[in-house]
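What follows is one structure encoded as structure tokens, with my remarks underneath.
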Amino acid sequence: MSGGTDRGTGNGRTEGGSPGQPAPHEGLPPQELPREEAFQAGGKREEGSQEEASQEEVSQEGAARRASEPAGPDAAAVQAPAPGAAPSAASAVSAATATKGPRRRGLQGPQGAAAAVLVLGATAALAAGTLIPRPAADALGYDLVETAVPAGDYTAVCAGPPRLLGADAGGIDPEFSPVSKSAKSLVSAMVLGDLSGALPGSALSPLGGGDPLAVLSKGPSEGAEAAPPASSDSTGLTSRTAGVAGGTAVQDASVFRAEPLGAQTPVAGAMFSYTARDGDLRGLAAAPCQAPSNDLWILGADTTVGSTSVLLLSNPTSTPATVDLELTGAEGPLKPAGGTGLLVPPGQTRQLVLGGLAADQEQLAVRVRSTGGRVAAYIQQSVLRGLTPGGVELLTPTAGPADTQVIPGVSIQDAATSRRIREQKGYEGASPALQVLVPGTSDAVLDVVVLGPDGERALDGGGVVTARAGALTTLPLDELPEGNYTVAVSADVPVSTAVRVSRGTGPGKPVDQGLAVAAARIGGDSSVVFADGTDASLVFGSPSGRSEVSVTGIRADGTLGTPKIFNLAGGTSMAVPASELMKGAAAAVISATGDPVYGAQVNTLSGAAGISVSAVPPGATGRESIPVILGY
């Protein structure tokens, strides 16, 4: 980020003076004053060649001083003139300041102890994480240079299996018990090779360390020669392949890592999936393995009677993480005891029962902020209505607050079945609804647009809603016909959003739940791994303009199929079954051009109540260098 230019006291410039006080630049030689004030101090100068010569002398003098500057702040602090040398301009300034009045604040070059103070002050500001304003255009600085940033590993935390709380789990830290006899918890992962066919080193391992659970590739041998450039065959395809590990059974949280290859951040991804056809946690929960962060927003939690919300915090780094939680309900912010200063040691997961922090909240949003190590966060959400399972889901973070939010993958069941289910007592939460969090102090005026295959779908009231500041607001979507939609929300203040969805087979039978979250715009090489044992579809939405989406399927053996191209008109949404990409598609690589397009993966269970939605993650491509400004 770069800030605007501060032309006030931030860059040391002052103007005017106080009556009875020396002018800010009094006592300074003309060559040490800003140009416009030098004219006033030295009288009106001759114009033409004399003025140009004078300016050249000032420029040469400044260049000479910069060339003689010591290498570091300590050297600058002790620098002294050679014996017998004439007093420097900096010495003259010091003497004038001591006798005439306060020293001016805007220097033209680092000199003496002032340079040490400036350098040490800048170092302290950087160490504290403070942004230093960009220097003014006329301030002394150094050339803007681009510094290369090395490609980093791909690291993603995969959630552990959902579990029922034990009978003695009345506190915040739960003790878990087994789930069901048919429950399966699997992680599938994929890493894309380069154009020569080389694969980055990659493996799935327990979060706390130990032997790998699955190795996708050991990477190129150390010292091996680089592969020759790839060539195309008659179909136009290169020898590019992928490493795939499908259906690895896990008992706890895990972490998937892939190394950079050829100074490029790897294109990789992993997906956790849980399925159960019996027990209280019957249903489907699928969540993409998550890159750790220091700031996460999760919506969709419910702590009312019969609902259980467990926050899972995992630290894949080697640095302890201290986590603070900000909880918000339908009535506003909540201030629970025990929600700050939570320590998550390296390689460990901490579980928190949200009902112990904020009980009886039908709508609950959680902001997770960490210092030290970065963390991944999920909420295990489950419902039990009497003896009837009401579904299970792993709630994932949504996009941070912004004026525009786009939520693809809003899957609506047929209206007749949905109506019969939600007409039952206690099933009000089984209907689809948009949740909007307004974290600021001003109410938000929302413009909600629902995009379907044939264009926009009308909402009651035209989709214009006011959401209260500092609270969660819900907008029902139960009048939408069956289909896959994209919901676009525009607001006059930043908001975070998500859409609750559900799926069942009829009254008195189990119901499953899911949460569609706001997604990032698809760019280049976004990776998607399809959840094992599910019927998977990709849903794309384009709020405006026209977009072209390219999807390349990947088989379980790592071979790539022919890219499929989909043209998406603005104001529409499109669903693409994974089976349409190729037979046995295990993963896909997605890229998009044109106007902004957003995507999600929708997973369902054949012949049973099961639904889960996850956003297509942003692509692996990013900034390869950053500008570095040296100056003051």
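The values are calculated or read from the model by the stated rules, or taken from the named source; none is laboratory data. Quick caveat, the model's predicted, so the values are computed rather than measured. We place every Cβ from the backbone using ideal geometry, glycine too, and count neighbours over all the protein chains shown. These area figures cover heavy atoms from the full protein model, side chains too; ligands, DNA and RNA do not enter into them. Shrake-Rupley method; radii C 1.70, N 1.55, O 1.52, S 1.80 Å.
Across the stretch 324-349, which residue is farthest from ALA365 (Cα to Cα) among those that are open to solvent by 70 Å² or more (accessible area, probe 1.4 Å) and in a loop (DSSP other than H, G, I, E, B)? First the steps, then the outcome.
Let us first name the residues in the stretch 324-349 that are open to solvent by 70 Å² or more (accessible area, probe 1.4 Å), namely 326, 331, 333, 335, 337, 340, 343, 348.
Pick out the ones that are also in a loop (DSSP other than H, G, I, E, B) and you get 331, 335, 337, 340, 348.
Working: GLU331: 12, LYS335: 13, ALA337: 16, THR340: 16, GLN348: 24 Å.
Ranking the qualifying residues of the stretch 324-349, first place goes to GLN348.
Can you name the residue in the stretch 446-471 that is farther than 28 Å from LEU568 by Cβ and assigned to a strand (DSSP E or B) and is also least open to solvent (accessible area, probe 1.4 Å) among such residues? Even if it seems obvious, please write down each step before you answer.
Step one: of the stretch 446-471, the residues farther than 28 Å from LEU568 by Cβ are 466-471.
Next cut, assigned to a strand (DSSP E or B) only: 466-467.
Details: THR466: 90, ALA467: 0 Å².
So the residue we want is ALA467.
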Go through (1) touching a residue at least 60 places away in the same chain (Cβ under 8 Å); (2) farther than 28 Å from LEU384 by Cα one by one and return the number of the condition THR534 breaks. (2)
Restricting attention to the stretch 427-481, report how many residues are among the hydrophobic types (A, V, I, L, M, F, W, C) and more than 28 Å from SER307 (Cβ to Cβ). 5
Selected residue (criterion: most open to solvent (accessible area, probe 1.4 Å)) from residues of the stretch 508-548 that are within 22 Å of the chain's Cα centre (by Cα) and charged (D, E, K, R): ARG521
Exclusive hit being open to solvent by less than 20 Å² (accessible area, probe 1.4 Å) and in contact with a helix residue (DSSP H, G or I) (Cβ under 7 Å, 6 or more places away or on another chain), set LEU364, LEU395, LEU354: LEU364
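Can you find even one residue in the stretch 606-621 that is without any contact (Cβ under 8 Å) to a residue 12 or more places away in the chain and open to solvent by 30 Å² or more (accessible area, probe 1.4 Å)? Give the steps one after another, and end with the answer.
Initially, the stretch 606-621 is screened for residues without any contact (Cβ under 8 Å) to a residue 12 or more places away in the chain, giving 607.
Filter once more, so that each one left must be open to solvent by 30 Å² or more (accessible area, probe 1.4 Å): 607.
Yes, the stretch 606-621 contains at least one residue that is without any contact (Cβ under 8 Å) to a residue 12 or more places away in the chain and open to solvent by 30 Å² or more (accessible area, probe 1.4 Å).
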Pull up the stretch 289-316, narrow it to residues that are among the polar types (S, T, N, Q) and under 17 Å from the mean Cα position of the chain (by Cα), then point me to the one that is nearest to VAL499 (Cα to Cα). GLN290
Of the numbered conditions (1) of a type in the set (Asp, Glu); (2) more than 26 Å from LEU325 (Cβ to Cβ); (3) at pLDDT below 65, GLU146 fails exactly one; give the number of that condition. (3)
Assuming PRO439 fulfils every condition listed in (1) outside any strand (DSSP E or B); (2) within 27 Å of GLY386 (Cα to Cα); (3) touching a residue at least 24 places away in the same chain (Cβ under 8 Å) apart from one, which condition is it? (2)
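Among VAL495, VAL551, which is the only one that is part of a strand (DSSP E or B), open to solvent by less than 40 Å² (accessible area, probe 1.4 Å) and without any contact (Cβ under 8 Å) to a residue 60 or more places away in the chain? Working first, answer last.
Values: VAL495 fails: without any contact (Cβ under 8 Å) to a residue 60 or more places away in the chain.
Residue meeting the stated conditions: VAL551.
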Among the residues of the stretch 408-430, are any within 30 Å of CYS158 (Cβ to Cβ), part of a loop (DSSP other than H, G, I, E, B) and either open to solvent by 40 Å² or more (accessible area, probe 1.4 Å) or modelled with pLDDT under 95 (or both)? yes
Quick check on my filter: what residues within the stretch 370-392 are touching a Pro at 6+ places or on another chain (Cβ under 6 Å), open to solvent by 50 Å² or more (accessible area, probe 1.4 Å) and aliphatic (A, V, I, L, M)? none
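Going by the structure shown, is ASP280 surrounded by 15 or more Cβ atoms within 10 Å (Cβ to Cβ), in a loop (DSSP other than H, G, I, E, B), of a type outside the set (Val, Ile, Thr) and in contact with a Ser or Thr (Cβ under 8 Å, 6 or more places away or on another chain)?
So ASP280 passes the test.
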